[in-house]
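First comes the structure, then the notes that go with it.
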Amino acid sequence: MDLIPSRARHRLLPSKHLPVSDFLLYDVPSPLAAPRTKLLQAEKYLSAAIHTSDDPHQISLLVPPPDHIVAELQSLLQTSAARSVCCLHDISANEKTYPLWLVTYWAEIKNMHTIQRRWASAVLNLENRLIADNDRGRKLVLRILTAVNQMPWNGVFHGMQAQVPTHSLTAFLSTKWLTDDHESLMLEVLEHKVAELHLSNQVWIQSPFFITLLKAAYNDRDEYDSVRIYEWLRVMGQDAAKQEGQLVTIANNEGNHWTGIAIDFSGKGFICNGDSMGHTMEPETKAALEWWTQHHTGRSFIYQTLPTTQQQDGHSCGILVWNTIAHFLLPDRHALMDASKMKDACLQVFMLIINHAILRATEDEEAAQTELDADKDWEDIDMLDTTSSNVAQQSVSEPASTHTPEDLPHGRKRSLSPSPPCNPSQPHPIPQKKAKRLASGVSSVQVTLSAAEESMVPTYNILNYFKLATKEEHQQYIAKAAEDAQINTETRQWEADKHLHTKAENTRARA
């Protein structure tokens, strides 16, 4: 489908960085209610003529067609030779035709309605809990509600390996079933905790994709040792067997249930299954694991069951299976959850993810700032070295020469990559201001969150602090500024062309 031009997107759609609190107040155009008759047909919306209007303001006034018409148009445009779209259901269109990207715009409107309903439902649930919960529960709900209201309604968290849209986190604030994206987020949080305890060399945490790939390798086991697509699996099996570590993952059974799997390569070897419904391991998954461990260790592993909380509803398996894996790896830090308090457990996991996002962004912010500070320090050193060299040269020819600050040579222009030190074995010096900030262990983001919680006053755009100060993002910022400038130029040119076109039409009408 045709993409919406930058000039039109800027006028028609909200920024993805708009906070949830503002997005919930954003007036998303409502589509026409689906008629009971079949008078509207998607084919009749397409035209072979060139569009007669691409005015974003006029397009914003059009009523979007029913959702099923938009879906059919998206499908038709994949093979159609149409050059424009008409708006049959809206008499205000006045038989005008519009660019094909109008269908893309309608599709985004449909998606925005879905996301807005998700956020509205999540915020309403939190506000209801804020009224009903006790003091301890209200404190957690307030923290989450404050964070939610400042989160961008769309986009992804910076610094996270799992690039999951922010609006997908609403599943943790409801009774929705969790997807593999949610499981990957939770496993990333757990992986970070394992790394903090320096256990990364003994523990491998794999995404739900691991079992999918392992089953494919099992069904293609005659080619397993030679096909390149399985190279990663082969290396993983060899490393785990050699180091006698532990591998954990989460598997999906028949598309409607999550289970936990742990493989212990030490001693006799164990294949462990954790199921919140009390089921045994899926036969194909068990056969694939037994084959893979036998292939890389030469011995048969023993089958065991992981301690797992048994769920009391039809949607908590996603949270409970993560808790099973966390309890297996870090029993002192993660007790088994209480099945009767799953709403609280979901909120706590949501907060774990948010805190992890803050931590990752803060770490990257500190690393980027350290690099900038080190670069500035080496810049100053270069200035001093150059100055010393000049003074030494002039002390031979002009013994009584004196330098003012204006006479000192300029250092090199600052860049994101530090200049190589004269002695590579010496670490970059840390400036005094930076050293104090590192010693305190408190980031500006954490200070802002704490202030918001204590005052109970929202701090808008709080997650904008999460954006990493990297060279690439600085370049993206420059590119965005250039794009905005181009949009303004295109807009002015479009308005000028429109004025000339209108003037010409008026002249012809008078003639």
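The values are calculated or read from the model by the stated rules, or taken from the named source; none is laboratory data. In this text the structure is predicted, and so the values were computed from the model without any measurement. Counting neighbours? That spans all protein chains shown, and the Cβs are built from the backbone with ideal geometry, glycine included. For accessibility, only protein heavy atoms count, side chains too; no ligands or nucleic acids. Shrake-Rupley method; radii C 1.70, N 1.55, O 1.52, S 1.80 Å.
The figures follow:
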read-out: Tally, over region 207-221, of residues that are over 21 Å from the mean Cα position of the chain (by Cα) and in a loop (DSSP other than H, G, I, E, B); value: 1
read-out: Count of residues meeting criterion [in contact (Cβ under 8 Å) with a residue 24 or more places away in the chain and on the phi > 0 side of the Ramachandran plot] in region 154-202; value: 2
read-out: Complete set of residues in region 222-244 that are of a type outside the set (D, E, K, R) and in a loop (DSSP other than H, G, I, E, B); value: 224, 226, 227
read-out: Check on residue 72, modelled with pLDDT of 90 or more, closer than 23 Å to residue 119 by Cβ and part of a helix (DSSP H, G or I); value: no
read-out: Residues satisfying the stated conditions in region 273-290, i.e. open to solvent by 50 Å² or more (accessible area, probe 1.4 Å) and assigned to a helix (DSSP H, G or I); value: 283, 284, 286, 290
read-out: Test: residue in region 337-354 that is open to solvent by 10 Å² or more (accessible area, probe 1.4 Å), of a type in the set (Gly, Ala, Ser) and touching a Ser or Thr at 6+ places or on another chain (Cβ under 9 Å); value: yes
read-out: Residue satisfying condition, being within 24 Å of residue 175 (Cβ to Cβ), at pLDDT 90 or above, part of a helix (DSSP H, G or I) and open to solvent by less than 20 Å² (accessible area, probe 1.4 Å), within set 119, 106; value: 119
read-out: Residues within region 187-206 that are aliphatic (A, V, I, L, M) and in a loop (DSSP other than H, G, I, E, B), tallied; value: 2
read-out: Number of the exception - residue 33 against (1) under 15 Å from residue 108 (Cα atoms); (2) among the aliphatic types (A, V, I, L, M); (3) assigned to a loop (DSSP other than H, G, I, E, B); (4) open to solvent by 20 Å² or more (accessible area, probe 1.4 Å); value: (1)
read-out: Filter pass, residue 188 being more than 30 Å from residue 68 (Cβ to Cβ) and under 15 Å from the mean Cα position of the chain (by Cα); value: yes
read-out: Which listed residue is over 28 Å from residue 124 (Cβ atoms), touching a Cys at 6+ places or on another chain (Cβ under 8 Å) and open to solvent by less than 50 Å² (accessible area, probe 1.4 Å), from 42, 82, 93, 8; value: 93
read-out: Members of region 311-331 that are part of a helix (DSSP H, G or I), without any contact (Cβ under 8 Å) to a residue 24 or more places away in the chain and either over 19 Å from residue 207 (Cα atoms) or open to solvent by 10 Å² or more (accessible area, probe 1.4 Å) (or both); value: 327
read-out: Flag for residue 212 being out of contact with any Pro (no Cβ under 8 Å at 6 or more places or on another chain) and farther than 28 Å from residue 229 by Cβ; value: no
read-out: Unique match (being under 19 Å from residue 255 (Cβ atoms) and either touching a residue at least 12 places away in the same chain (Cβ under 8 Å) or touching a helix residue (DSSP H, G or I) at 6+ places or on another chain (Cβ under 9 Å) (or both)) among 295, 279; value: 279
read-out: Selection count where residues are surrounded by 24 or more Cβ atoms within 10 Å (Cβ to Cβ) and not aromatic (Phe, Trp, Tyr), scope region 252-271; value: 3
read-out: Selection within region 303-342 - within 24 Å of the chain's Cα centre (by Cα) and not aliphatic (A, V, I, L, M); value: 315, 316, 317, 318, 322, 323
read-out: Any hit, region 130-137, residues being touching a Pro at 6+ places or on another chain (Cβ under 9 Å), farther than 26 Å from residue 333 by Cα, free of Cβ contacts under 8 Å to residues at least 60 places away in the same chain and not basic (Lys, Arg); value: no
read-out: Any hit, region 136-149, residues being modelled with pLDDT of 85 or more, outside any helix (DSSP H, G or I) and touching a Ser or Thr at 6+ places or on another chain (Cβ under 6 Å); value: no
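Rundown of residues vs (1) in contact with a helix residue (DSSP H, G or I) (Cβ under 7 Å, 6 or more places away or on another chain); (2) crowded, with 19+ Cβ neighbours inside 10 Å, yes/no style:
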site: 128; (1), (2): no, no
site: 133; (1), (2): yes, no
site: 169; (1), (2): yes, yes
site: 192; (1), (2): yes, no
site: 198; (1), (2): no, no
site: 212; (1), (2): no, no
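Yes or no, residue by residue, for (1) in contact (Cβ under 8 Å) with a residue 40 or more places away in the chain; (2) within 19 Å of residue 27 (Cα to Cα); (3) over 34 Å from the mean Cα position of the chain (by Cα):
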{"position": "65", "(1), (2), (3)": "yes, yes, no"}
{"position": "69", "(1), (2), (3)": "no, no, no"}
{"position": "72", "(1), (2), (3)": "no, no, no"}
{"position": "75", "(1), (2), (3)": "no, no, no"}
{"position": "84", "(1), (2), (3)": "no, no, yes"}
{"position": "93", "(1), (2), (3)": "no, no, yes"}
{"position": "108", "(1), (2), (3)": "yes, yes, no"}
{"position": "114", "(1), (2), (3)": "no, yes, no"}
{"position": "123", "(1), (2), (3)": "yes, yes, no"}
